[in-house]
1. For a quick check of your reading of the model, give me the residue pairs whose first member lies in the range 271-298 and is more than 14 Å from A111 (Cβ to Cβ), whose second is surrounded by fewer than 20 Cβ atoms within 10 Å (Cβ to Cβ) and of a type in the set (S, T, N, Q), with beta-carbon atoms closer than 7 Å and at least 6 apart or on different chains.
2. Is the range 218-241 home to any residue that is within 18 Å of G122 (Cα to Cα), surrounded by fewer than 23 Cβ atoms within 10 Å (Cβ to Cβ) and within 18 Å of the chain's Cα centre (by Cα)?
3. For the range 208-217, which residues satisfy the criterion of being open to solvent by 30 Å² or more (accessible area, probe 1.4 Å) and aromatic (F, W, Y)?
4. Regarding L337, is this residue within 18 Å of S136 (Cβ to Cβ) and either away from ligand 2 (no atom under 16 Å from the Cβ) or in contact with a Leu (Cβ under 6 Å, 6 or more places away or on another chain) (or both)?
5. Have a look at S283, S296 and point out the one that is in contact with a helix residue (DSSP H, G or I) (Cβ under 9 Å, 6 or more places away or on another chain), of a type in the set (G, A, S) and open to solvent by less than 10 Å² (accessible area, probe 1.4 Å).
6. Of the numbered conditions (1) of a type in the set (A, V, I, L, M); (2) without any contact (Cβ under 8 Å) to a residue 60 or more places away in the chain; (3) over 29 Å from D193 (Cα atoms); (4) open to solvent by 10 Å² or more (accessible area, probe 1.4 Å), L366 fails exactly one; give the number of that condition.
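The values are calculated or read from the model by the stated rules, or taken from the named source; none is laboratory data. These numbers were taken from a predicted model, which means no experiment stands behind them. So basically every Cβ, Gly included, is an ideal-geometry build from the backbone, and we count neighbours across all protein chains shown. Just so you know, the surface numbers come from the protein's heavy atoms only, side chains and all, with ligands and any DNA or RNA stripped out. Shrake-Rupley method; radii C 1.70, N 1.55, O 1.52, S 1.80 Å.
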Amino acid sequence: MPCNRKCELECCGKNHAHPAKVRQLECKFKKFQFATSDSLLKKYLTSKLFEELKWKKTNYLMTLLDCVLTGFENPDSSMGVYAGCPECYDLFGDLFDELIREYHGDFKKSAVHPPMDWGEPGQLQDLDPEGKYIISTRVRTARSLKGYPFNPGLSYEEYLEIEEKIVNAVTELTDDLKGQYVGLRDMTPDEIDLMVDSHVLYKESDRFLNAANAYRYWPAGRGYFYNEDKTFIVWVNEEDHMRVISMQEGGNLGEIYDRLAKAIQQLDEKLEFERHERLGFLSMCPTNVGTGIRASVHIKLPNLAEDMGSLEKIAEELHLQIRGSGGEHTASVGGILDVSNKRRLGLTEREVIQEMNDGVLELIRLEGSK
Ligand code: ADP
Ligand code: DAR
């Protein structure tokens, strides 16, 4: 295998993947073909497409192997693919476009994501003013700094560069967004666990990300920024270069969304983000391209949750996604469900949040009618 970028360029130039990587890819694909998997990778990476893509390499030296290793190692993936760098969305577009079309509600190759539009502040209300259902609400978006690969392609130095650029930007935020940055290297395991358990921070435990080589050089370049009351948080170099998060107890979606919109407006003036002409803002995962917004409530729906199969069907019709209370790939604890918008692409920011707003209100209506 190439020992580093210089070695790879000397061995096989910029035109095709290193032969050792292709041999590894072929071996893993052969094994994957016998695996039982419902992932979109399994559905769309045909042998014909595999042969067409296996020798390709981006200018960041990312290959098909870097993108699909997570799905080969985790057949229980839903997608099974992460982009190794922004160029992967075009170079391996015959694969990514199918996954994106299916995940984001039939977003066809001919479709174009709309310009960013957060709408005007003060247009959204509290989803649960009486506090009967919603424990807490969180709205996050993902951003990638322009000119860098994603986790699978980042060097040690690039992790530190990204961290420095983001820290310089967030420490200039004003008003209620003012706060402080802490690097994970400066935290004890107990401090990290406390923040993870309170849903403020992430940790190095996602096997899908691990299989995608997203945890190399950990904890270098990793950390988080937070304001005084931890209602505004920025994750640095978790799955994406940047996750910008607004969250608080209760269901006041309007307050939380407006805070995030204000933060993005300020960050847009300080950082340059990777934006694709057709897919909008780019992220490591194809589920997060476009607006990158996931707006979620931690909500108790005891009546609807008695029949999870039926609830999942209703959620799908409302373009909602249900996760466990610990986030993705976790179970629901204490009857708390994480309910959020599913699609993030093909709609403006304002339309995405309206879709989530309307979906959650419908679930609350149905819960109350039981
Ligand atoms: P992401 O939303 O960033 O894609 P996860 O689904 O893993 O990733 O959630 C990240 C963290 O945010 C988890 O600890 C999860 O419990 C927490 N979280 C998500 N939604 C809410 C919410 N509405 N209230 C409180 N914490 C939340
Ligand atoms: N585990 C991967 C990711 C799916 C979407 N979630 C992200 N990007 N965190 C899968 O294919 O299941």
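1. The qualifying pairs are H298/S136; H298/S325.
2. No, the range 218-241 has no match at all.
3. Of everything in the range 208-217, just one residue is open to solvent by 30 Å² or more (accessible area, probe 1.4 Å) and aromatic (F, W, Y), namely Y217.
4. Considered against the rule, which asks whether it is within 18 Å of S136 (Cβ to Cβ) and either away from ligand 2 (no atom under 16 Å from the Cβ) or in contact with a Leu (Cβ under 6 Å, 6 or more places away or on another chain) (or both), L337 comes out as yes.
5. Exactly one of S283, S296 is in contact with a helix residue (DSSP H, G or I) (Cβ under 9 Å, 6 or more places away or on another chain), of a type in the set (G, A, S) and open to solvent by less than 10 Å² (accessible area, probe 1.4 Å), namely S296.
6. For L366, the failing item is (2).
A quick yes/no check of all residues on (1) closer than 22 Å to Q265 by Cβ; (2) at pLDDT 95 or above; (3) buried (at least 21 other Cβ atoms within 10 Å of the Cβ):
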| residue | (1), (2), (3) |
| --- | --- |
| G292 | yes, yes, yes |
| H319 | no, yes, no |
| I322 | no, yes, yes |
| T330 | no, no, no |
| R344 | yes, yes, yes |
| Q354 | yes, yes, no |
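Let's see how each residue does on (1) open to solvent by 10 Å² or more (accessible area, probe 1.4 Å); (2) more than 16 Å from ligand 2 (Cβ to nearest atom); (3) touching a residue at least 60 places away in the same chain (Cβ under 8 Å):
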site: S47; (1), (2), (3): yes, yes, no
site: L53; (1), (2), (3): no, yes, no
site: T70; (1), (2), (3): no, no, yes
site: V81; (1), (2), (3): no, no, yes
site: G93; (1), (2), (3): no, yes, no
site: D97; (1), (2), (3): yes, yes, no
site: D106; (1), (2), (3): yes, yes, no
site: P114; (1), (2), (3): yes, yes, yes
site: P121; (1), (2), (3): yes, yes, yes
